[in-house]
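Input: a single structure, listed below in structure tokens.
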Amino acid sequence: MTNGYEILKSLYHTSKNQPSLENWQMACVETILANAESHKGILTVLITSLVKKIETPSQDIRLHKKEFSDGYSGRGYDTKHITPFLRDYFPRFAMAESGWLTRSIEQPYPFTKDFGGKIRNISVKTAFLEIINDIQENSANPQDYLIALLFGLKTLQESHFEIISLQTSRITVQSVLALLETHLNHQYKTSGASRLPVLALYSTYQILMALPRYKDKQLLPLKSQTTADTKSRSIGDIEIIDKEGNFFEALEIKHGKSIDLGMVQIAFEKIRNLTIERYYLLTTKSPNTEQPEEIQSFCLKILF
């Protein structure tokens, strides 16, 4: 039997035009798409439900838990088929693991129109439940809804890169660096300034994940700033893994500190037993001039 990933992949490559939906149906789809980035969990759960209905027409997709009579594991199905597809084709809208990890969704209630989950955007909640209800109560075609969502996500992704291209054509590298330097070196009166360069680079990587280099790769969520690396098994502030769960690329970012030999040695100890492809040790401080030869010598030993 064709699995959920293959269903999505086939529709992604074969559906070229919007399906014929009624105005109110399309309005529901457009509401979901308009909030796709801020409500990734809802988007993921809706796609999971639609794909499951296509794969198993007899399944009542309102019953998204095994605990329900005649229910199925929506979270398990999502983790195995749906989120991997979104990471591969729409990384900008993909959850880290599963849409069911969203607290408002992980509730012991069926997806009926009176669903008790506290989804913060009422319009999104209404649109989501109306689509599920339309399929279960009115026998609407789930494939029509799914094609409309995929078509809309394609459009959003393409327009996103057009905006980036337009903006970058008007902004120089020098102006960006000047703004970043001002922002990162400002003397803020509250704590947390050391997190700013991490957030800036993490945002950049969220965009870069759409590049061919990062196909089948996953950008891991940021960890708490106070979490120890040994406890979290972390190797850097920003981490990317491959589809087997192995580290592919990582960044350790220092704020206002010159990189010295000790930092490089500590970084090497974190990755010496890994087959990671790239590891960056970065700082907002001006280039270090005190230990360049020692650092270079140590790096050459690592490489050769």
Give just the number: which of (1) outside any helix (DSSP H, G or I); (2) in contact with a helix residue (DSSP H, G or I) (Cβ under 8 Å, 6 or more places away or on another chain); (3) of a type in the set (Asp, Glu) does ASP114 not satisfy? (2)
Quick check on GLU55: is it of a type outside the set (A, V, I, L, M, F, W, C), over 24 Å from SER123 (Cα atoms) and surrounded by fewer than 20 Cβ atoms within 10 Å (Cβ to Cβ)? yes
Taking the stated definitions as given, is LYS66 under 28 Å from GLN206 (Cβ atoms) and surrounded by fewer than 20 Cβ atoms within 10 Å (Cβ to Cβ)? no
Would you mind telling me which numbered condition in (1) at pLDDT 85 or above; (2) assigned to a helix (DSSP H, G or I); (3) of a type in the set (Lys, Arg) LYS243 fails? (2)
Check every one of the helices (runs of 4 or more DSSP H) wholly within segment 1-99 and list those with 2 or more residues that are within 20 Å of LEU129 (Cα to Cα). 23-34, 40-55, 74-77
Is it the case, given these coordinates, that LEU201 is under 27 Å from TYR89 (Cβ atoms) and either at pLDDT 90 or above or surrounded by 15 or more Cβ atoms within 10 Å (Cβ to Cβ) (or both)? yes
Which of the residues belonging to segment 242-274 are polar (S, T, N, Q), exposed (fewer than 13 other Cβ atoms within 10 Å of the Cβ) and under 25 Å from SER203 (Cα atoms)? ASN246
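Table: residues versus (1) surrounded by 20 or more Cβ atoms within 10 Å (Cβ to Cβ); (2) among the hydroxyl-bearing types (Ser, Thr, Tyr).
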residue: LYS16; (1), (2): no, no
residue: TRP24; (1), (2): no, no
residue: ILE32; (1), (2): yes, no
residue: ASN35; (1), (2): no, no
residue: HIS39; (1), (2): yes, no
residue: THR44; (1), (2): yes, yes
residue: ILE47; (1), (2): yes, no
residue: VAL51; (1), (2): yes, no
Considering only residues that are acidic (Asp, Glu) and under 30 Å from SER10 (Cβ atoms), which ones fall in segment 83-120? ASP88, GLU97, GLU106
May I ask you to list the residues in segment 111-125 that are in contact (Cβ under 8 Å) with a residue 24 or more places away in the chain and either in contact with a Gly (Cβ under 6 Å, 6 or more places away or on another chain) or surrounded by fewer than 18 Cβ atoms within 10 Å (Cβ to Cβ) (or both)? THR112, ASN121, SER123
So, in segment 246-269, exactly how many residues are part of a loop (DSSP other than H, G, I, E, B) and among the small types (Gly, Ala, Ser)? 2
Subset of segment 153-198, residues within 30 Å of PHE85 (Cβ to Cβ) and modelled with pLDDT under 75, comes to GLU158, SER159, HIS160, PHE161, GLU162, ILE163, ILE164, SER165, LEU166, GLN167, THR168
LYS125 being at pLDDT below 95, within 14 Å of VAL45 (Cβ to Cβ) and over 23 Å from the mean Cα position of the chain (by Cα): no
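The values are calculated or read from the model by the stated rules, or taken from the named source; none is laboratory data. Source: prediction; values computed, not measured. Cβ: placed from backbone, ideal geometry, glycine included. Neighbour counts: every protein chain shown.
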